[in-house]
Amino acid sequence: MVEFRFDIKPLFAQPIIKVTSNLLPNTFRGDRRQCLDATSKMTEIIDQLGQLSATSQGLSKPVTTAQRLRMSDNQTIYLLADNEAGHNGAVLGLLKVGTKNLYLFDEAGKTRMVEQTPSILDFYVHESRQRAGLGKRLFQTMLNEEQWTARKCSVDRPSEKLLSFLSKHYGLKRIIPQANNFVLYEGFFNDGESGNGGGNGHANGTPNGLHITNSPNTHLFGATYLGEDSNQRRGSQQQTTPNARLQQITQISPSGRYGAKRPTCSMAEIIHAGNSKGGNGNGSAEANRIK
Ligand SMILES: CC(=O)SCCNC(=O)CCNC(=O)[C@H](O)C(C)(C)COP(=O)(O)OP(=O)(O)OC[C@H]1O[C@@H](n2cnc3c(N)ncnc32)[C@H](O)[C@@H]1OP(=O)(O)O
């Protein structure tokens with residue numbers, strides 16, 4: 001539980017509040033002086049929870065600060081509190097989300113530019129209250145509010161705990177590996193999927209109502225697939241996958257917050273193919289061209 005020197009109850013008209021760049025709870029009403037006071041208290045709460053989240057994840061500096069939120073125009077922080085706890089109430093958890101324009105690999109290994117990707121950026125429940133369903137409550141409230149589904153979210157370097165959380169509560173297991181720090185789950189690019197926790201809109205025939213375009217460097221990367229049950233999956237659902245694509249599929253170990261394997265760098269392929277005797281039949285033509 002995270003307690004403060006001030007009473008948090010006036011800030012938490014309900015257990016879960018939303019805060020955006022004005023640093024005021026979405027439920028807050030007050031005059032100018034009260035707003036200034038609330039902003040200063042929210043700054044303290046966000047900075048403290050952001051720091052605890054960073055410490056809990058072993059990060060050298062917080063992903064979430066009030067200053068960063070103030071500077072953003074597309075991020076929202078959800079805060080969960082228990083007004084009955086302690087003397088002044090206590091804040092129990094934080095979830096920061098936003099949208100990002102990202103270059104992403106789809107299941108077939110094609111690179112796509114996805115605008116306004118729903119992104120999970122920071123998530124923390126106090127150690128004393130973890131594994132009691134509070135994370136689910138916070139996350140589900142966020143999905144409902146944003147009208148997102150878990151499967152259509154990108155997750156910024158998820159911890160093992162978050163991977164487990166998403167698997168348990170939303171059945172998200174099969175990861176589409178990315179070249180950046182974001183984790184996507186199989187089904188992210190599927191049209192017409194209802195998913196968990198309230199469907200996303202599909203505008204102009206694109207998932208999430210997002211604008212997706214093929215990236216010009218699609219051909220540079222091979223397809224990869226990651227899933228804890230990927231062996232079974234290859235034997236069943238992927239039976240119709242063309243052999244050529246199957247040969248490109250690489251199984252890699254589950255990624256932690258820092259462990260995401262990067263797809264082979266085409267430049268590295270060129271250099272190494274040039275140095276290796278046998279080559280891999282992939283980069284050698286390029287290497288020969290360079291030589
Ligand atoms: C993009 C990012 O933010 S990555 C960073 C994510 N945050 C962290 O890793 C910080 C530390 N962890 C936490 O704050 C919390 O564990 C959260 C936010 C991930 C989940 O919140 P909780 O309130 O614990 O979730 P909730 O109770 O709803 O669900 C529990 C499930 O989450 C997962 N989980 C929670 N704690 C743990 C843990 N210590 N070890 C493994 N899995 C865990 C499990 O799947 C668990 O189910 P189980 O108890 O049946 O194994």
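The values are calculated or read from the model by the stated rules, or taken from the named source; none is laboratory data. For clarity, every value in this text was computed on a predicted model and none was experimentally measured. No Cβ is skipped: glycine too gets one built from the backbone with ideal geometry, and neighbour counts run over all protein chains shown. Heads up: the accessible areas ignore ligands, DNA and RNA and are worked out on the full protein's heavy atoms, side chains in. Shrake-Rupley method; radii C 1.70, N 1.55, O 1.52, S 1.80 Å.
Of note:
- Scanning the range 126-138 for residues that are more than 6 Å from the ligand (Cβ to nearest atom) and of a type in the set (A, V, I, L, M) yields one hit, L138.
- Residue in the range 152-162 that is near the ligand (Cβ under 8 Å from one of its atoms), under 24 Å from D73 (Cβ atoms), touching a helix residue (DSSP H, G or I) at 6+ places or on another chain (Cβ under 9 Å) and part of a helix (DSSP H, G or I) present: no
- L11 vs. criteria outside the structural domain of F139 (by TED's automatic domain parsing) and surrounded by 19 or more Cβ atoms within 10 Å (Cβ to Cβ): yes
- Residues of the range 122-142 that are in a loop (DSSP other than H, G, I, E, B) and within 19 Å of D47 (Cα to Cα): H126 alone.
- Filtering G86, G93 for residues that are in contact (Cβ under 8 Å) with a residue 24 or more places away in the chain and buried (at least 17 other Cβ atoms within 10 Å of the Cβ) leaves a single hit, G93.
- Sole exception among (1) touching a residue at least 40 places away in the same chain (Cβ under 8 Å); (2) buried (at least 19 other Cβ atoms within 10 Å of the Cβ); (3) aliphatic (A, V, I, L, M) for V63, by number: (2)
- Contacts under 8 angstrom Cβ, first residue in the range 97-125 being over 19 Å from L80 (Cβ atoms) and within 16 Å of the ligand (Cβ to nearest atom), partner open to solvent by 40 Å² or more (accessible area, probe 1.4 Å) and small (G, A, S), 6 or more apart: none
- If the condition is being among the β-branched types (V, I, T) and either open to solvent by 10 Å² or more (accessible area, probe 1.4 Å) or over 18 Å from Y78 (Cα atoms) (or both), then the range 97-116 contributes T99, T111, V114.
- Residue count for the range 139-151, restricted to those that are within 11 Å of the ligand (Cβ to nearest atom) and surrounded by fewer than 22 Cβ atoms within 10 Å (Cβ to Cβ): 1.
- Against the list (1) buried (at least 20 other Cβ atoms within 10 Å of the Cβ); (2) at pLDDT 95 or above; (3) touching a strand residue (DSSP E or B) at 6+ places or on another chain (Cβ under 6 Å), the condition Q178 fails is (2).
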